[in-house]
1. Which angle between 0 and 90 degrees, to the nearest 10, do you get for helix 73-98 versus the longest principal axis of the chain when only C-alpha atoms count?
2. Output the 0 to 90 degree angle, nearest 10, between the alpha-carbon long axis of helix 186-207 and the longest principal axis computed from the alpha carbons of the chain.
3. With all protein chains present, how much of the accessible area of the chain (probe radius 1.4 Å) comes from carbon and sulfur, to the nearest whole percent?
4. If you line up the Cα atoms of the chain on their principal axes, what length do they span on each, largest first, in Å?
5. With +1 assigned to the C-beta of every Lys and Arg and -1 to the C-beta of every Asp and Glu, and no other charges, what is the dipole magnitude of region 1-118 about the Cα centre in debye, to the nearest 20?
6. Could you give me the ³J(HN,Hα) list for region 6-23, computed from phi with Karplus coefficients 6.51, -1.76, 1.60 and θ = phi - 60°, whole Hz, x at Gly and Pro?
7. Where nothing but the Cβ of Lys and Arg (+1) and of Asp and Glu (-1) is charged, how large is the charge dipole of the chain around its Cα centre, in debye to the nearest 20?
8. Once amide H atoms are built 1.01 Å from N in the peptide plane, which residues 5 or more positions from Val37, or in another chain, come under 5 Å H to H?
Amino acid sequence: MSNARTEPMSIIETRLTHDFHREATSLLADAARRPGVPLPAVAVLRDFLVAQLHHHHESEDDLLWPRLAAADAQVAAGLAGLSEEHEQLDASLDALAAAPAQDDGDRAKLAEAASAVRDLVHRHLEHEEPLLFAALRAHMPAEDWAEFSRQVIATSPMDAAHLLIGFFDLVGDPREVELVLAGLPEPARAAVPLMRAQAETDLRVLRAAS
C-alpha cells in the first residue's frame, strides 16, 4: 500500500519538504558551476532556496520544536542540538545570499557558497530525520499538525513559489504531492497547473546538460 495512504500527513509533508531541500540544494550547487546555465536563472533559484530554508528553520524553531520538546524531555535535548545546526545553516545561507551572481567570473564563489549549503543541509537532515520522524509519530496529533501546516503556508515566501511545485513533483509520489497541495488556499490551488508548467520550464533550463 502506498505511503500516501499509510503515513500521517506530518511524515508525508516533512519527508517531501526535506527531499525538496536535498534536490534543490544539489541542483543549485551544480547549476552555479555550469557555464551553460544562465546566471539569472541560477540567481532566481538561489534567492528562492535561501528564503525557503530560512522560513523552514524558523517555523521549526519557533512553532514545531517547542511543542515536541514540551512533550518529551529526551526529544527536547535532541532538538536543542538541531537548532544549533540551524544557526550554522543560517550563516551559510547568508553567505550564499551575499555571493555575487552578475557574470561568469562570479560562478566559482557562487558555486562554493552553494556547495557549502548543500553539504550542510544534507548532513543536517541525516541528523534530524530519525529524531523528528519518531517525535512526530509519537507526539503530533493530526489536528495539531494541520494547524502547524496552515501557519507555515500562511507565512511561506511567495517569490518564485512555482519552483516549490516543481521540486515536489521531482521528488514526490504524485499522490503524496496532491495530498500536500490540497492544503493550499483555494486561489493557490487554482493556480497550481500554471505554476507547474512554469516550474517545468525553469527547471529544464537549470538542469540543461547536467
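1. Around 20 degrees separate the two axes.
2. Between the helix axis and the principal axis of the chain, the angle is about 40 degrees.
3. Numbers: 5650 of 10170 Å².
Carbon and sulfur atoms account for 56 percent of the accessible area of the chain.
4. Result for the chain: principal-axis Cα extents of 51, 38, 30 Å.
5. On the way: 10 positive and 20 negative charges, 98 e Å.
Value, rounded to 20: 460 debye.
6. Computed from phi, the couplings for region 6-23 are 9, 8, x, 4, 4, 6, 4, 5, 5, 5, 5, 5, 5, 5, 4, 4, 4, 5 Hz.
7. Numbers: 18 positive and 35 negative charges, 138 e Å.
Roughly 660 debye for the chain.
8. For Val37, whose amide H was placed from the backbone, there are no distant partners under 5 Å.
The values are calculated or read from the model by the stated rules, or taken from the named source; none is laboratory data. Remember, predicted model here, so these are calculated numbers, not experimental data. Don't worry about glycine lacking a Cβ; one is built from the backbone with ideal geometry, like all the others, and counts go over all protein chains shown. All accessible areas refer to the heavy atoms of the entire protein, side chains included, with ligands and DNA or RNA removed. Shrake-Rupley method; radii C 1.70, N 1.55, O 1.52, S 1.80 Å.
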